[in-house]
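The values are calculated or read from the model by the stated rules, or taken from the named source; none is laboratory data. These figures come from a predicted structure and were not determined experimentally. Here the Cβ is made from the backbone with ideal geometry for all residues, glycine too, and neighbour counts use every protein chain on show. The area values use the complete protein model at the heavy-atom level, side chains included, leaving out ligands, DNA and RNA. Shrake-Rupley method; radii C 1.70, N 1.55, O 1.52, S 1.80 Å.
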Amino acid sequence: MPRIHEKRVIDTKQIVSDIIKYALLTIGALILFFPFLWMLTTSLKTLSEAIATPPVWLPRAPQWVNYAVVWNMKPFMRYIMNTVICCICHVAGVVVFSVLGAYAFSMYSFRFKGFFFTLFMLTMMVPGELLIIQNYITIQKMHLMDTYIAVFLPTLASGFYIYMLREHFMQMPPSLFKSAKVDGTSNWRFLWRVMVPMNRNTIFTIAILSFIGQWNAFLWPELVTRTDATKLVSSGLIAFRSEASSNVQYMMAGSCIVLIPMIVFYAVFNKQIINGVGGGGIKG
Amino acid sequence: MKNTPKKRKSRLVETEDGRLLIKSPMAYVYLLLPMAFLCLFVLFPTVMAGRMAFFQKYNFMKSLGTGFGTNAFEYVLHDKVFWQAAKNTGILMAVALPATVALSLMFALLINAIKRLKGMFQALFFLPYVTSSIAIGAAFQWLFHSEYGYFNWFIGLFGAAPQKWLTDSSCVIWALCIFCIWNGLAYKIVLFLAGLQKIDKEVYKAAKIDGTSPWRTTVKITLPLLAPTTWMVSMMSMIYTAKTYNEVYSLFTSYGGGGSAGPGNNAITLVYYIYYQFYERQKVNYAAAAAIIFLAVILLLTTIQRLVAKKFVQYV
Amino acid sequence: MEITLKNLTKKFDSVTAVDHVSLTIPDGKLTGLLGPSGCGKSTLLYMLSGLTNVTEGSIFFGDKDVTVEAPDKRNIGLVFQNYSLYPHMTVEENIAFPLGNRHGKDRMNARQKHEAACRVAELVQIQDLMNRKPKQLSGGQQQRVAIARALVKQPDVLLLDEPLSNLDARLRMEMRQEVRRIQLESKVTTVFVTHDQEEAMSITDTIVLMKKGVVQQQAPAREIYMNPSNAFVASFLGNPPISFLDAKVAGGQVALDAGQGFSVSGVADGAYSLGIRPEAWVPGHAFHVKVEHVEMRGQDQIVTFKLNGVQVRATLDAEYQANVGETISLDLRTNRCYFFNPETGVRV
């Protein structure tokens, strides 16, 4: 029947275009993913396999021993612990400051509110690299050099997260606060019993994004940490580079050790992370 | 009985749009700590950087400077390395920026157009965002290796001659571009996808009923409706690209030695220049002067953006 | 608790939303604040709640002047148009939330709160929904929860801002009966804002009709319908609405089209605006009119015809045969006709 025939023609077209789409995406994903795959396979190769031309794609026998060697060359466990501790402190501080700041800017009326708000927003414009000079001096003067505190202290207050949370606080229906006020709810109770639980997704997103940011930060941590007792994974990896020198398989095993916790973290929270970044708007 | 207006004890004020605000100095208490931190670690250093830049010599441990003047600016503006950095940053903005925006738009459109495995592709394409650029930079260093690198092997398949990507001073900037494009895709894809999600699905139904082809739908409907997002992403990436630093550091630090960006500092960018003057050469005043010039350029770019946006972009 | 307003005024910049309103809201009764949108009825309600500041005048709850009292000191319950339930709390947590605000000797333990919540939940008949979240409830159920939350602290005054406007027509009928029942059972002084005259007339003890910030009339439903004080009141109440036409009175005789008319007593000679309720018309002999339009409503029909060059509506029994284009004969019951001053609109 002609109608069925027509339908079949459309379907073929659809299938062809689908195949093209999936093919392009797969190629893109492979290119984007290639460095990770290469890193992982290389970390399990012998040196001669790693530098062979033409390339040897997969190791003949996975050299798990590379990981053992690397693990003993540098205190990676210590680095990971340091990073986790700094990340937790950083996230806790960022969340508390953002909640308080956003509440003040969204629900309060006070003198110089506009001025303060502009000031907070302006801090988003200043490139972080400009700040390292004086912050380095400040941290040194506070005798905090080579401590955890030095790592996370300067980035605790973030104009960006305060702005992001304030936008969400402002979107709450005004009648919620009105009815809470009629019922005699204190401002403090309203914040913690209504505002925070209702915006828990946004707060969670802020927590995750700041966690990722702290985990991957390297310029500032590299400047203020000197010893293995405080070095973060990123700085540890920089130090490890020179030791591994041309042993590419060790270098990649070290990189994998640093990447794997974050990839696991991403696997667990990827929906939240993607939604947070997509919905959060600006962050460069 | 005559009524006179009574003084309001009420600490609540209603705004014009019907919101209720608390009139209380408690707001200052909430803002005290964040404000203190921002002042100490953002505003104060900015002001200090401005001050440092005007001294000939500056002892940053004592915050003492000698020889007030614009010498540092003159030095920076006559420094070949600075102009190299400016040129490289310009190349990144002219090549890596459009390429990464176009590629991420393409991938976002593709992901948006498929039905199955959408989430998987989205997750895969976003992965580079969460990974440390130091670790990934290490991988790229080896992929770009002149003898063992897979990159040379790959272009060799097409008959191209192997290049010394990280050691040949004319190649380094292109290696940097490739790494920047790769590194910049993830974030922009997610922003584009979020923008695509905001487009009203009814529009597509209408187009489908009218028998519009998918290609025409994309060109005539999706792209125009996505224009505000595209604009936002481009502008953000512009600032981000101007601030390129991570990629240089992770790709070049172990080559060239002494923390310089590639052989003869040929892969240096403006922000890397600031770091280089401060950390490698201990010239705080030069670093500060460069930072101020950089900040001025950023502010100029932002202002132009704002003006252009006001004129041409209509946010739906 | 009786509420007294004296010269209550609210100005927003140059706009006067509520203009020198003085009235008394009776204790333990259901009062409806009625009027078209923008008439200031909601502003008046929010001034009662304390959420909106008073520009001038005063508010008394009983003998107590609460004009500048904070909202939480007034012991009121407030229900919003959108219910504004806390979406992350269960029904019970929502209802008990106001009780958790108490401090010192008024502080309640978990059991007391639970008992209080259950008591009001029973009153509004949602005892089976206590563990649900607001999202899992229908609009009517959410409304009940909102009322329960407003009643749990045993307020002196219950304020409802357009509580039924978010419901569909059938639920609205049901919920307005519920509001009435809950009010009668709890005996709380209730003020209820609505723009729907039918809603106001069906359940309130007394109606306050407002226009442009000024109270037009305050009276029970029957009284305000039967005895409107001005043309606006007459036109706002009644469905289908009252018809107005220009009429001349001479010697106790009202002259209408083509020599038709009727006699009145107690109205001085002169020109008036004559308001005729649609139900004033009954089949008869005095008026002969040409049917222009018939709208069947089931229990009755709306017949439209021209009189004195103006369209006039009449509700006639559904059984009555009226066809478009035909001429029908009607009588006029003059007790449903009102004379207004054509300039001021004031009832004569």
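List of remarks:
- Note on C:His103: accessible area approximately 120 square angstrom, rounded to 10, probe 1.4 Å, nucleic acids and ligands left out.
- Surface accessible to a 1.4 Å probe, C:Ile242 within the full protein complex, Å²: 10 Å²
- Links that overshoot a 27 Å alpha carbon limit, given the list A:Lys231/B:Lys57; B:Lys80/B:Lys310; B:Lys198/B:Lys310; B:Lys87/B:Lys188; A:Lys231/B:Lys164; B:Lys23/C:Lys10: A:Lys231/B:Lys57; B:Lys80/B:Lys310; A:Lys231/B:Lys164
- Compactness check for chain B: Cα Rg over 2.2 N^0.38 Å is 1.31.
- Segment B:14-71: radius of gyration over Cα atoms, expressed as a fraction of 2.2 N^0.38 Å: 1.93
- Here the Debye sum runs over all C-alpha atoms of chain A as equal scatterers in vacuum, and log10 of I(q)/I(0) at q = 0.14 Å⁻¹ comes out as -1.10.
- Straight-distance crosslink candidates among aspartates and glutamates, where the alpha carbon sits under 15 Å from A:Lys74 and sequence neighbours closer than 8 are dropped: A:Asp228, A:Glu243
- Rolling a 1.4 Å probe across all protein chains gives B:Leu43 an accessible area of roughly 50 Å².
- Averaged over peptide A:134-140, the number of partner chain Cβ atoms lying within 10 Å of each residue's Cβ comes to 6.
- The simple spin-label model puts a point 7 Å past each Cα toward its Cβ; for B:Lys23 and C:Ser14 those points are separated by 2.4 nm.
- Under DSSP loop assignment and at most 10 Cβ neighbours within 10 Å, longest trypsin sites (Lys or Arg not before Pro)-free interval of chain B: B:117-316
- Take the Kirkwood radius over Cα pairs of segment A:1-102, plug it into Stokes-Einstein at 10 °C and 1.306 mPa s, and you get 82 µm²/s for translational diffusion.
- Comparing segment C:92-191 with the 2.2 N^0.38 Å rule of thumb, its C-alpha radius of gyration ratio is 1.08 (two decimals).
- Shielding of peptide B:137-148 by partners, expressed as the average count of other chain Cβ atoms within 10 Å per residue Cβ, is 6.
- Partner lysines whose Cα lies under 22 Å from the Cα of C:Lys306, excluding those fewer than 8 positions away in the same chain, are identified as C:Lys248, C:Lys290.
- Beta bridges per DSSP with both ends in chain C, % antiparallel, nearest 5: 75 percent
- Using a Förster distance of 56 Å, the FRET efficiency for B:Phe154-C:Gln81 (Cβ separation, nearest 0.05): 0.30
- Across the protein assembly as shown, the volume of the C-alpha convex hull divided among the residues equals 262 Å³ per residue.
- For segment B:179-316: relative contact order, % (alpha-carbon pairs under 8 angstrom, 6 or more apart): 18 percent
- Taken over the alpha carbons of segment A:156-204 as equal point scatterers, the Debye sum produces base-10 log I(q)/I(0) values at 0.27, 0.29, 0.32 Å⁻¹ of -1.06, -1.14, -1.22.
- Label-reachable residues, segment C:155-194, where backbone N falls under 18 Å from a point 7 Å from C:Gln125's Cα toward its Cβ: C:164, C:167-187
- Each peptide in A:271-278, C:72-79 gets a packing score, the mean of other Cβ atoms within 10 Å over its residues, and the list from highest to lowest is C:72-79, A:271-278.
- Equivalent ellipsoid semi-axes - Cα gyration tensor, chain C, angstrom: 46, 25, 14
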